[in-house]
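> What follows is a structure written as structure tokens; I'll ask about it next.
The values are calculated or read from the model by the stated rules, or taken from the named source; none is laboratory data. These numbers were taken from a predicted model, which means no experiment stands behind them. Positions of Cβ are generated from backbone atoms using ideal geometry, with glycine treated the same way; all protein chains shown enter the neighbour counts. Please note that ligands, DNA and RNA were not included when accessible areas were found on the heavy atoms of the full protein model with its side chains. Shrake-Rupley method; radii C 1.70, N 1.55, O 1.52, S 1.80 Å.
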Amino acid sequence: MTTISLGFSPCPNATFIFDALLHGKIDTEGLRFEAVLGDVEWLNQKAFKGELAVTKLSYHAYAYLLQDYALLNSGSALGNNCGPLLIAREAFDLATLPQKTIAIPGQYTTANFLLSVAHPQATQKSEVL
């Protein structure tokens with residue numbers, strides 16, 4: 001029996017999607033899947049090291065991994081007008097954004113990529129899980 005590593009985040013959508021596959025509720029034609037759960041940036045880093053056969057990736061990370069991974073026909077979570085959000089404790093003038101330290105979920109996350117596109121002057125970033 002062939003075992004395939006399957007990386008995904010522990011969010012409700014992903015755990016629901018992979019439940020049947022991981023727990024023998026569907027015929028996998030002799031394939032066995034090993035669940036590897038983690039935050040998306042952790043999964044991105046695992047993919048950069050080539051440690052996962054199939055994994056959730058940020059679109060940003062995927063752009064660097066085109067030679068190693070293929071985009072599947074389903075499972076995408078990128079949407080229009082649903083984030084990421086830039087939030088602060090207090091209102092501030094957007095012109096002061098370059099002086100602000102911004103928490104990001106990871107260097108290769110789609111959120112960080114979109115922030116960089118929307119506000120390239122915002123370079124003081126700190127990765128926070």
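> Might you report the magnitude of the Cβ-based charge dipole of segment 17-126 about its Cα centre, with Lys and Arg at +1 and Asp and Glu at -1, to the nearest 20 debye? If you can, show how the numbers build up before the last one.
Working: 8 positive and 10 negative charges, 49 e Å.
With Lys and Arg at +1 and Asp and Glu at -1, about 240 debye.
> Report in % the part of the accessible area of segment 25-129 that belongs to carbon and sulfur, leaving out ligands and nucleic acids; probe 1.4 Å. Write down the numbers at each step before the final one.
Numbers: 3990 of 7560 Å².
Reported share for carbon and sulfur atoms: 53 percent.
> In percent, what relative contact order does segment 22-108 have, based on Cα pairs under 8 Å that are 6 or more apart in sequence?
29 percent
> How much accessible area per residue does the chain have, counting only protein heavy atoms and a probe of 1.4 Å, in square angstrom? Display every interim value, and only then the final one.
Working: 9070 Å² over 129 residues.
Per-residue accessible area for the chain comes out at 70 Å².
> In terms of solvent-accessible area of protein heavy atoms at a 1.4 angstrom probe, what is the ranking of Asp39, Asp68, highest value first? Walk me through the intermediate numbers first.
Values: Asp39 60, Asp68 110 Å².
The residues order as Asp68, Asp39, largest area first.
> Between Ile17 and Thr101, what is the FRET efficiency for a Förster distance of 41 Å, r being their Cβ-Cβ separation, to the nearest 0.05?
On the way: r = 35 Å, r/R0 = 0.86.
Efficiency, rounded to the nearest 0.05: 0.70.
> In whole Å and largest first, what semi-axes does the C-alpha gyration tensor of segment 65-106 yield when each eigenvalue is scaled by 5 and square-rooted?
Numbers: eigenvalues 211, 42, 14 Å².
After scaling each eigenvalue by five and taking roots: 32, 14, 8 Å.
> Additional query: Could you give me D for the chain, from Stokes-Einstein at 37 °C and 0.692 mPa s, where the hydrodynamic radius is the Kirkwood radius over C-alpha pairs? Units µm² s⁻¹, please. Write out the running numbers ahead of the final one.
Numbers: Rh = 16.6 Å.
D = 198 µm²/s.
> How large is the Kirkwood hydrodynamic radius of segment 4-71, counting all unique pairs of alpha carbons, in Å? Mind showing how you got there, number by number?
Numbers: mean 1/r = 0.0802 Å⁻¹.
Radius from the Kirkwood sum: 12.5 Å.
> A further question follows. Based on DSSP H runs of at least 4 residues, each adding -39500 (n - 2.57), what is the mean residue ellipticity at 222 nm of the chain after dividing by all its residues, to the nearest 500 deg cm²/dmol?
Estimated from H runs of four or more residues: -7500 deg cm²/dmol.
> Of Leu114, Pro10, Ala20, whose Cα points farthest to the positive end of the dipole of the chain (charges on the beta-carbon: +1 Lys, Arg; -1 Asp, Glu; origin at the Cα centre)?
Leu114
> Could you calculate the contour length gain from Leu65 to Gln124, that is, 0.36 nm times the residue separation minus the distance between their Cα atoms, to one decimal place in nm? Before the final figure, lay out each step's value.
Numbers: separation 59, 0.36 × 59 = 21.24 nm, distance 2.56 nm.
Answer, rounded to one decimal: 18.7 nm.
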